[in-house]
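Colleague: Quick one: the structure is below, and I'll ask about it shortly.
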Amino acid sequence: MKIDKKLIKELVDNLKEFNLTELEYQDGQTKIKVSKATKSIEQSKTGAVVSPNKAVLNVSNETDGIRVKSPIIGTAYLAPEPGAKKFVEVGDKIKKGQTVMIVEAMKTMNHVPSTNDGEVKKILVQDGQPVEFGQTLVILK
């Protein structure tokens, strides 16, 4: 797939001109999203997403443990609603399939289940933080 740099530049210029934080463009199955807030440009074709912000995909310094990763790009929420009790806390014993958090994408709340039984060793994201596909969210021991 060839990236149309001229189109991306035009979209970025529109962000500045109209004082927007995010702009999406779609032509057939090619979708381009430009965002000032995350300083990333995403281009998607049939579900595959490419993001220049590779820093979020880097593995944590914590190497021991079972990783629960984000199944999608979106916004992570640690509780079912603002002010409610969090799904899990560090030190909690959890079962395989138990919800560890929600990742919201396109107004859809997607429950992220634990991939194994274990104890929550570390929660690597903050409530309301944007997450990438494959980003480690929680480490279990």
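Each reported figure results from applying straightforward, stated rules to the coordinates on display, with no laboratory input. Here the structure is a predicted model, which is why all the values come from computation and not from measurement. Here Cβ is always computed from backbone atoms with ideal geometry, including for glycine, and neighbour counts include all displayed protein chains.
Colleague: Under 20 Å between alpha carbons, and skipping anything fewer than 8 positions from Lys33 in its own chain: which aspartates and glutamates qualify?
Modeller: Asp4, Glu10, Asp13, Glu17, Glu22, Glu24, Glu42, Glu104, Glu132
Colleague: Oh, and also: Using modelled backbone amide H atoms (1.01 Å from N, in-plane), which distant-in-sequence or interchain residues come within less than 5 Å of Leu124's amide H?
Modeller: Val138, Ile139
Colleague: On a full-extension model of 0.36 nm per residue, what is the gain between Asn110 and Glu24, subtracting their alpha-carbon distance, rounded to one decimal in nm?
Modeller: 28.8 nm
Colleague: Hey, another quick one. For region 114-131, what does the Karplus curve 6.51 cos²θ - 1.76 cosθ + 1.60, with θ = phi - 60°, yield as ³J(HN,Hα) per residue in whole Hz, taken in order and with x for Gly and Pro?
Modeller: With coefficients 6.51, -1.76 and 1.60, one gets 5, 8, 8, 6, x, 10, 5, 8, 7, 10, 9, 10, 9, 5, x, 7, x, 10 Hz.
Colleague: Could you check the spin-label model distance between Ile66 and Lys95? Points 7 Å from the Cα along Cα→Cβ, value in nm.
Modeller: The two pseudo-label positions are separated by 1.3 nm.
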